[in-house]
Amino acid sequence: MKQLRFGLFENAQANDSGTATWRHPDNERDHFDSLDYWRNIARICEDAQFDFVFLADAWGWSEIDGSRPDICSEEALDLPRLDPAVVAAAMAAETEKLGLVITGSTLLEQPYAFARRMATLDHISAGRIGWNVVTTGTAETAASAFGIPMVAHDERYNMADDFMEVVYKLWEGSWEPDAIERDKSGRFADPAKVHRIEHEGPYFRSSGYGNTSYSPQGTPVLFQAGTSERGRQFGGRHGECIFLGGSSIEKMAEQVKAIRAEAVSAGREPDSVKLMASFSYVVGETREEAQEKFEAILAAQDPGVAVASYAMFTGLDLSAYDPRTPMTDLHTELSQTQVTRFAGLTVGDVLKDWHAFGVRGKPVVGTAEDVADAIVDRAEGADLDGFLITPIVQPASTIDFVEHVLPILRERGIAPSGYGQTTLRERLLGSTSAVLRDDHPGALFRSYSPVVA
Ligand SMILES: Cc1cc2nc3c(=O)[nH]c(=O)nc-3n(C[C@H](O)[C@H](O)[C@H](O)COP(=O)(O)O)c2cc1C
């Protein structure tokens, strides 16, 4: 079996994944707004040799609240947050090898400023940055807070394609990698290696020089997670690492095949795209103890959160439907994944499910051996390249994984020991180069010929 890669799911807010575990007595994420919290997470992850920490992000909040108009602030549901790019910079200062993947929205960011922020992070972390490209399929309140109209589902991906073209031009085409000479008796940079970019697309325009020079990876490692048809098409074209929500092995296997097929139709090698599934768990010394821990997690949550939280992802108010309504009757222009994954269930089933698991999928509850076995079964059954470890109570759940599950996976030879190469791209993709592969569409925008080793 191949060696698996591991990242840790994090979120710079008190809760995450649509549940409200902030009241759990062991949860320290209610102090997500302190530097100490992030230093501690960074140290735990680098000591455990995780490939990266992933910082999810969302803008906006739910205004569909069941009967409680103030529920978002009362239960810290997507409000308040911190900016993941700034948190990543703090974690970069605390670590040397750990990758840092941040979420950025192609609907809400401006590509020119965003390209600079990512290149800055890639420079100061010496090539450890990844970008989770999202089209922001969550609350329409985000668009109204930015003062822009909400854009329909598939069109958001057209917009994202245009956004990608601008940032590729800036990252790959404006400054050649060896433009900087830093010669105190000569010049700082060679102007012949600095190029203007011109972009006039359907959604974005830019004309001028990149504001940052070529960073160690050029383009940050590109992550993506859309599973709708249009989302998969986008991921197969641009994504280097695709996250799957944790569903059944059969469903994940289908998604893996479909994404690799999309990559091939975009002219890429099928294995140039790595697939990582999110994986949630509750570990106990015994199965009984794990079950008790899981029940304590459920008891810590306010059931009223589920309606508002589901609406944040889909805009759908499940409290307004007869609980027997089949989910296949519902449609959204926000996150379609969060509707289609419940095909076969009713509105009532989904409300219960969402209270327990949110967007995260059902955790594996058992001993460390049970959890390790579940990881192996999923990796083999769905042909996965790795896992996005998704803790429920932070940092206790991560520590459980690191202390009890990871050693078993290492003993079985399927979790790496030692960091090896330093850039995130080389390590995660098993690539011999820190920059985009030649068959990636972003490579078309290069103003230089990469040195072939
Ligand atoms: C593991 C994982 C992490 C995700 N993180 C975020 C995130 O931080 N922000 C966000 O807006 N969407 C996030 N998503 C949602 C996807 O990016 C995507 O918007 C969603 O699956 C809907 O895509 P679709 O409409 O193409 O199905 C995540 C999805 C998964 C599976």
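The values are calculated or read from the model by the stated rules, or taken from the named source; none is laboratory data. This one's a predicted model, so the numbers in the text were calculated from it and none came from an experiment. Note that we place each Cβ from the backbone using ideal geometry, even for glycine, and neighbour counts take in every protein chain shown. Just the protein is used for accessible areas: all its heavy atoms, side chains included, with ligands, DNA and RNA removed. Shrake-Rupley method; radii C 1.70, N 1.55, O 1.52, S 1.80 Å.
Observations on the structure shown:
- Residue list for region 200-242, restricted to those being more than 16 Å from the ligand (Cβ to nearest atom) and of a type in the set (Phe, Trp, Tyr): Tyr203, Phe204, Tyr209, Tyr214
- Yes/no for Thr219 being under 27 Å from the mean Cα position of the chain (by Cα), under 30 Å from Tyr419 (Cβ atoms), in the same structural domain as Ser433 (by TED's automatic domain parsing) and open to solvent by 10 Å² or more (accessible area, probe 1.4 Å): no
- Any hit, region 109-132, residues being touching a helix residue (DSSP H, G or I) at 6+ places or on another chain (Cβ under 7 Å), open to solvent by less than 50 Å² (accessible area, probe 1.4 Å), near the ligand (Cβ under 10 Å from one of its atoms) and within 19 Å of Phe223 (Cβ to Cβ): no
- Residue in region 6-23 that is in contact with a strand residue (DSSP E or B) (Cβ under 8 Å, 6 or more places away or on another chain), touching a residue at least 40 places away in the same chain (Cβ under 8 Å), over 30 Å from Ser319 (Cα atoms) and away from the ligand (no atom under 15 Å from the Cβ) present: no
- Of all residues in region 226-240, those that are closer than 25 Å to Val435 by Cβ have Cβ atoms under 7 Å from Cβ atoms of residues that are within 8 Å of the ligand (Cβ to nearest atom) and open to solvent by 30 Å² or more (accessible area, probe 1.4 Å), 6 or more apart or on another chain, in Gly226/Arg232.
- Checking each residue in region 327-346 for being part of a helix (DSSP H, G or I) and either open to solvent by 50 Å² or more (accessible area, probe 1.4 Å) or away from the ligand (no atom under 15 Å from the Cβ) (or both) picks out Thr328, Asp329, Thr340.
- Subset of region 68-86 that is in a helix (DSSP H, G or I) and touching a strand residue (DSSP E or B) at 6+ places or on another chain (Cβ under 7 Å) - its residue that is farthest from Leu244 (Cα to Cα): Ala85
- Scanning region 41-67 for residues that are open to solvent by 10 Å² or more (accessible area, probe 1.4 Å), touching a helix residue (DSSP H, G or I) at 6+ places or on another chain (Cβ under 7 Å), away from the ligand (no atom under 16 Å from the Cβ) and outside any helix (DSSP H, G or I) yields a total of 4.
- Look at (1) in contact (Cβ under 8 Å) with a residue 40 or more places away in the chain; (2) more than 15 Å from the ligand (Cβ to nearest atom); (3) over 30 Å from Ala42 (Cα atoms) and you find that Ala152 fails only one, number (2).
- Exactly one residue out of Ile148, Ile180 is in the same structural domain as Val435 (by TED's automatic domain parsing) and touching a strand residue (DSSP E or B) at 6+ places or on another chain (Cβ under 7 Å), and it is Ile180.
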